[in-house]
Amino acid sequence: MSLGSWNFRRASADITGPLTKNKKLLYRAIIGYDRSESFRSDQDKENIFLAPSLTYLFSDKTSLNLELNYAHQKAVHQYDNGTFIRTRTDGTFDFNYYPNNLTIQSPTDYGKTNNSSATLSFNHSFNEKLKLTVVQRAVRNVLDYTDHIPVGKIRNDSISRGYQDWETDRFSLQTTAYASYNTKTGSLEHQIIVGADYNRYGWTKNDYQYKPSTRISIFNPDYSSDIPESAVPAEESDDNKRITNLTGFYIQDQVSFGRQLKALVSLRYDNYDGKETPLSDRDNKQGDELQASGWIPRVGLVYLPIENLAFYGTYVKSFNPQTSNNVLSGGPFPTRKATQYELGTKADFFNQQLSTTVSVYEIKYANILTAAPTEENSHRQTAIDGTRSRGIEFSATGTIQNFNIIAGYAYNEHIILSTSAYGKKGDRFANAPKHIANLWLKYNLYSTALKGLGLAGGVRYVGDQVGLISNQNFVFPEYTVLDAAINYQRGRYNIQFNAYNLTDKHYFTGSRSSTVAGGLGDPFNYRIGISYQIR
């Protein structure tokens, strides 16, 4: 159980064990409930989560596992559309002008979601060399929400907004089967994987309407007329169903050239076949089709010169059709493609107590989507011909004597490779800070009168980031956040207190596709929790 700031409360249980004396039938059940408000006005969320599972062990070679998941959420604001940002007369931006609690949305907004899934997995080992896995998964996501979004610019501390009303019923039926086979050809060892996927997914209902809403004063809002009358015509509407069939085949071979050198070669083929069908004349897209196919190669190499040290390199190509093809939102869009190169090293130190990873990479994207808002449509998008993400990543995790360590640093330069109406070559990509760093240290007292006590502290740093490609002067400032924790474990009990953003730093996490709003980071807040383990 845990309690925290803004009336947060949570209770959860995780129970597992055998159901039969021979321990062939096993179960696990996770149950959770939480409810919270926010430092932002008129925000309230309630969550229920259930996750039972069963495993039957036919033998040490064969097993069958069933996992069920159900999650329900009820909220005043399904999504937080951010808080306001003031544009000064000289074109610069004031991120501290509007109070934290003010929201773009309305107290009349709501969100209701019901997400459920079932996964059945069958595993069988024919012998030490040949293994088979078959997975069948079914997912259903039902969403009903209303929402307000900003439209245009802030003038005289007032803003126009659009009203969204959306009901959707989405599904996915996926079958995966693959076999792994270990063999040798001379001195070479092979681990071969051959598999196939079939996924039928989409939605049986997609009822969406976008209407103009009232213009409100930011400091003194009047929400009484927030919901447009039914007679008000929709500027954008959907009423359709969509079915997409994805079929994939792949083969992979991991080859060992002795102990020190390993290579991986993989090739996958994906075929997408989708069709969207209008359900009434309210659907202003009037249907579209999706046909795309292609090969996805992957190559990797690992060299282990000594124990606990490895160097690696990878090359991957991929593609992903765009499904957000609404004409009013800027579509239809071409297929997104990417090519990635990566070199790195992994090493263990201090008797394998500390694990580190260092990597350098480059990813080139084609047809990646970015925000391209207009005065009439704040959620319009466009496809950029090409961008490049290039960077370095470092991570370290482990336990050295009494200290637990989690540390990381990432440098990422994500830029546009060609000039267009939305930006010029070399411009920074939106919401892509160059620098991100984190450090978390925990000290555990083991051999004193305070045995069981743990003290922890950490720091999170995010560099500045451009909010819109089309406006390189719209830059969110860098920020540093300090966190701390203390816990005491005694027998089967553990009590923990976490404090976040100790200095109450005011910061923004990124853009919401316009210069009038941005995601706001949490101010100082805390959580206190107690857990009990029954063995």
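Full extension of the chain between I530 and I296 yields a length gain of 79.5 nm, computed as 0.36 nm times the residue separation minus the alpha carbon distance.
Under a straight-distance cross-link criterion of Cα-Cα below 20 Å, which aspartates and glutamates are reachable from K23, leaving out those fewer than 8 residues away in the same chain? Result set, ordered by chain and number: D14, D60, E67.
Under 18 Å of direct C-alpha separation, and excluding same-chain neighbours fewer than eight residues apart, K74 reaches these aspartates and glutamates: D34, E37, D42, D44, E46, D109, D144, D147, D165, E167, D169.
Bridgeable lysines around K184 (alpha carbons under 29 Å apart, same-chain partners fewer than 8 residues away excluded): K61, K129, K131, K262, K317, K346.
Working from label points 7 Å from Cα in the Cα-to-Cβ sense, the A234 to Y361 distance is 3.9 nm. Each Lys or Arg adds one and each Asp or Glu subtracts one; over the other residues with Cβ under 15 Å from the Cβ of Q533, this totals +3. Its relative contact order, with pairs defined as Cα atoms under 8 Å and 6+ residues apart, puts segment 106-306 at 16 percent. By the gyration tensor of its Cα atoms, with a ≥ b ≥ c the square roots of the eigenvalues, what is the shape of segment 106-306: rounded for a/c under 1.5, prolate for a/b over b/c, or oblate? Prolate, since a/c reaches 1.5 and a/b exceeds b/c.
Here the relative contact order of the chain, from alpha carbon pairs under 8 Å that lie six or more residues apart, stands at 8 percent. With the simple model of a label 7 Å out from the Cα in the direction of the Cβ, S59 to Y315 spans 4.4 nm. A Förster distance of 41 Å, applied to the separation of the beta-carbon atoms of S187 and E289, puts the FRET efficiency at 0.20. Applying 1/(1 + (r/R0)^6) with r as the Cβ-Cβ distance of Y461 and N100 and R0 = 25 angstrom yields a FRET efficiency of 0.75. Computed from label points 7 Å out along Cα-Cβ, the spacing between N114 and Y493 is 4.1 nm. Full extension of the chain between H124 and F257 gives 45.1 nm of extra length, using 0.36 nm per residue less the Cα-Cα distance.
Computed from the C-beta positions of I405 and L343 and an R0 of 25 Å, the FRET efficiency is 0.50 to the nearest 0.05. In terms of other Cβ atoms within 10 Å, I154, I392 run from fewest to most in the order I392, I154.
For S230, S12, the sequence from fewest to most other C-beta atoms within 10 Å is S230, S12. Take the alpha carbon gyration tensor of the chain, find the square roots of its eigenvalues, order them as a ≥ b ≥ c, and report rounded if a/c is under 1.5; if not, report prolate when a/b exceeds b/c, else oblate. It comes out rounded by the Cα gyration axes. Please list, in order, the residues from segment 114-153 whose amide nitrogen is less than 20 Å from a point placed 7 Å along the Cα→Cβ vector of S12. Correct set: 114-119.
Read-outs throughout are calculated quantities, based only on the coordinates presented, and are distinct from any laboratory measurement. Nothing here was measured: the structure is a model prediction, and the numbers come from that model. In this analysis, Cβ positions are derived from the backbone assuming ideal geometry, glycine residues included, and neighbour counts consider all displayed protein chains.
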